[in-house]
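Laboratory data are not the source of any read-out in this text; all were calculated from the coordinates shown. Everything numeric here is computed off the predicted structure, so don't read it as measured data. With ideal geometry, Cβ positions are generated from the backbone for all residues, glycine too; neighbour counts draw on all protein chains shown.
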2 protein chains.
Amino acid sequence: MPNGYNAPMEMLARKLDSISRLTESDRAALLDLPHTVRNLPARHDIVRFGDRPTQSCLVLQGWVYRYAALAEGGRQILSFYIAGDLPDLQSLHLHRMDHNLATLTPCVVALIAHDDLRAVLLRNPGLAGTLWRDSLIDAAHYRERITSLGRRQALGRVAHLFCELYLRQKAVGLARGLSCPLVPKQAELADSLGLTSVHLNRVLRTLRGRGLVTLGGGTLTIEDWDALTAVAEFDQTFLHLANNPLPAREAAEAV
Amino acid sequence: MPNGYNAPMEMLARKLDSISRLTESDRAALLDLPHTVRNLPARHDIVRFGDRPTQSCLVLQGWVYRYAALAEGGRQILSFYIAGDLPDLQSLHLHRMDHNLATLTPCVVALIAHDDLRAVLLRNPGLAGTLWRDSLIDAAHYRERITSLGRRQALGRVAHLFCELYLRQKAVGLARGLSCPLVPKQAELADSLGLTSVHLNRVLRTLRGRGLVTLGGGTLTIEDWDALTAVAEFDQTFLHLANNPLPAREAAEAV
DNA sequence: CGCCTCATTGATGTATTTCAAAATTTGTGG
DNA sequence: CCACAAATTTTGAAATACATCAATGAGGCG
């Protein structure tokens with residue numbers, strides 16, 4: 001079972017452990033889960049609107065995003081997923097896709113058949129609860145996005161997304177100090193924030209101008225966390241991280 | 001167990017059955033679930049940001065809504081819930097509330113202790129799957145709201161919400177022909193759609209002017225379903241109704 | 001070097017907000 | 001069932017955040 005890419009199910013176990021404590025038997029069951037590792041090119045649809053997937057994927061490397069396609073070529077990006085995330089766990093119980101899932105970058109994913117997953121969850125109700133919890137955290141992210149789109153203006157929206165992407169990456173060891181990769185292009189960030197890429201660009205200039213962040217080379221650096229969270233009205237409760245109350249603490253651990 | 005208000009767990013069974021077929025043993029377990037029926041006044045917070053609920057509630061009568069409170073008195077309504085819905089099922093696995101849940105109208109709800117629920121789900125994995133599915137449908141609603149807020153303009157947003165509220169009420173027998181109650185006030189609809197109540201009001205005039213809907217006395221009547229869904233770019237896939245493919249059919253049944 | 005993608009900037013248009021007030025409906029006690 | 005208060009809806013005028021259109025500039029890469 002174990003092979004390159006950091007032992008896929010190990011990664012999942014670590015992620016789920018950060019969400020709610022796994023028992024030893026849950027962990028063992030997880031490590032036994034059959035799966036296939038696959039390399040996917042960038043900008044490649046994994047599942048499309050209308051599909052009926054028979055497997056779920058775990059992101060091992062790269063970025064994945066979820067989007068709704070609109071008439072007239074419009075697109076709303078619903079969420080971004082990084083290493084350790086289970087972006088289409090929902091297809092286990094929601095049989096028909098109501099949106100699309102695609103790679104943003106070249107990705108390495110592990111595919112897990114629904115049948116195998118169901119069998120393991122039947123024998124490990126605690127694990128089922130943890131995955132259920134994971135999908136509820138996904139929903140919590142959605143709620144926060146709704147609040148952003150509905151009631152924050154562009155500056156706050158962008159700041160809020162930056163806070164979220166930073167903390168989520170830090171939680172899985174992908175940040176360094178107050179810097180993290182910022183993989184989506186401006187057009188993609190805009191499609192996720194309900195903005196035009198033109199306007200997003202102007203907002204970014206403002207954020208830089210006020211000394212809140214630095215951007216460059218696909219990296220986001222937060223220069224003033226307190227000011228950024230203030231502009232964003234950011235409260236990390238919605239991330240539902242299990243043991244990571246303070247940003248500063250993990251920043252130290254992650255480096 | 002059975003008492004007024006149409007036997008609470010019967011109502012839940014019927015709702016869940018509309019979401020995915022229940023086995024007889026699932027249904028029996030459901031009907032045995034201990035619960036307390038409570039009357040709640042209108043505009044009353046059921047659970048608040050930061051709370052750690054030990055029970056979940058089932059709506060038997062009235063409307064409930066979920067909202068995030070922002071600085072400066074702002075508010076984003078995240079979703080509306082009607083009879084048969086389980087609005088805070090999530091607290092079963094997400095222990096700390098990241099938003100608020102409140103009654104819109106006077107309500108009758110059934111309260112189910114998490115411990116009792118967990119015990120029943122442990123013995124009925126199929127039922128657990130159905131409830132998991134219910135929470136995933138909740139998330140599907142959120143996704144659609146994100147798309148609306150991010151990429152539709154006011155007219156389409158309002159039209160989309162009307163289509164959704166009509167179909168959801170029809171699915172539980174609360175619609176008559178092409179009419180249904182429209183309980184939220186304009187200020188609440190606005191807070192849910194990321195609009196000002198002033199602008200929402202102008203949009204409503206436009207919808208009426210174009211002959212798409214009629215409004216009055218807390219009732220929404222859809223005058224031109226095809227035109228309304230066209231304006232909204234509405235596709236009901238996201239509702240994930242199990243056996244209700246065509247609006248026309250249930251409209252007839254519901255009357 | 002030249003091509004392609006992505007980021008940046010300017011000028012102009014518009015959807016929506018804000019502020020303020022009037023009209024209408026709803027609820028309630030007498 | 002009416003009178004009155006409160007809540008809700010409706011309208012106008014002015015301000016603004018963001019979109020649209022169009023072009024230029026700055027990297028990567030074969």
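Report whether or not B:Arg21 is away from chain A (no Cβ under 14 Å) and of a type outside the set (S, T, N, Q).
Judged against the criteria, B:Arg21 is not a match.
Have a look at A:Leu182, A:Leu165, A:Leu193 and point out the one that is within 16 Å of DNA strand D (Cβ to nearest atom), crowded, with 17+ Cβ neighbours inside 10 Å and more than 14 Å from every other protein chain (Cβ to nearest Cβ).
Result of the check over A:Leu182, A:Leu165, A:Leu193: A:Leu182.
Does segment A:154-177 include one or more residues that are closer than 21 Å to B:Gln76 by Cα and aromatic (Phe, Trp, Tyr)?
yes
If you take the residues in segment A:14-32 that are among the hydrophobic types (A, V, I, L, M, F, W, C) and surrounded by fewer than 19 Cβ atoms within 10 Å (Cβ to Cβ), which one is farthest from A:Leu86 (Cα to Cα)?
Among those that are among the hydrophobic types (A, V, I, L, M, F, W, C) and surrounded by fewer than 19 Cβ atoms within 10 Å (Cβ to Cβ), it is A:Ala28.
Quickly run through segment B:146-162 and pick out the residues that are in contact (Cβ under 8 Å) with a residue 24 or more places away in the chain, within 12 Å of DNA strand D (Cβ to nearest atom) and basic (Lys, Arg).
B:Arg152
Between a residue in segment B:120-145 that is of a type in the set (Phe, Trp, Tyr) and any residue that is not in a helix (DSSP H, G or I), which pairs come within a Cβ distance under 6 Å, given they are 6 or more apart or on different chains?
Sorted first by the residue in segment B:120-145, then by its partner, the pairs are B:Trp132/A:His93.
For segment A:80-95, does any single residue satisfy the condition of being within 17 Å of the chain's Cα centre (by Cα), touching a residue at least 60 places away in the same chain (Cβ under 8 Å), on the phi > 0 side of the Ramachandran plot and surrounded by 15 or more Cβ atoms within 10 Å (Cβ to Cβ)?
Scanning segment A:80-95, I find at least one residue that is within 17 Å of the chain's Cα centre (by Cα), touching a residue at least 60 places away in the same chain (Cβ under 8 Å), on the phi > 0 side of the Ramachandran plot and surrounded by 15 or more Cβ atoms within 10 Å (Cβ to Cβ), so the answer is yes.
Conditions tested, residue by residue: (1) farther than 14 Å from B:Arg48 by Cβ; (2) small (Gly, Ala, Ser).
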site	(1), (2)
B:Tyr65	no, no
B:Ala69	no, yes
B:Asp88	no, no
B:Ser91	no, yes
B:His99	no, no
B:Val120	yes, no
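Restricting attention to segment A:42-64, which residues are under 17 Å from B:Ala140 (Cβ atoms) and crowded, with 22+ Cβ neighbours inside 10 Å?
Scanning segment A:42-64 gives a single hit, A:Ser56.
Among the residues that make up segment B:197-218, is at least one of them within 11 Å of chain A (Cβ to nearest Cβ) and within 16 Å of DNA strand D (Cβ to nearest atom)?
No, every residue in segment B:197-218 fails to be within 11 Å of chain A (Cβ to nearest Cβ) and within 16 Å of DNA strand D (Cβ to nearest atom).
I need the helices (runs of 4 or more DSSP H) fully contained in segment A:131-236, keeping only those with at least 2 residues that are within 25 Å of B:Ala68 (Cα to Cα) and within 14 Å of DNA strand C (Cβ to nearest atom).
Answer list for segment A:131-236: A:154-171, A:186-193, A:197-209.
Taking the conditions exactly as written (in a helix (DSSP H, G or I) and more than 26 Å from B:Arg151 (Cα to Cα)), does A:Leu127 satisfy them or not?
For A:Leu127, the condition - in a helix (DSSP H, G or I) and more than 26 Å from B:Arg151 (Cα to Cα) - is met.
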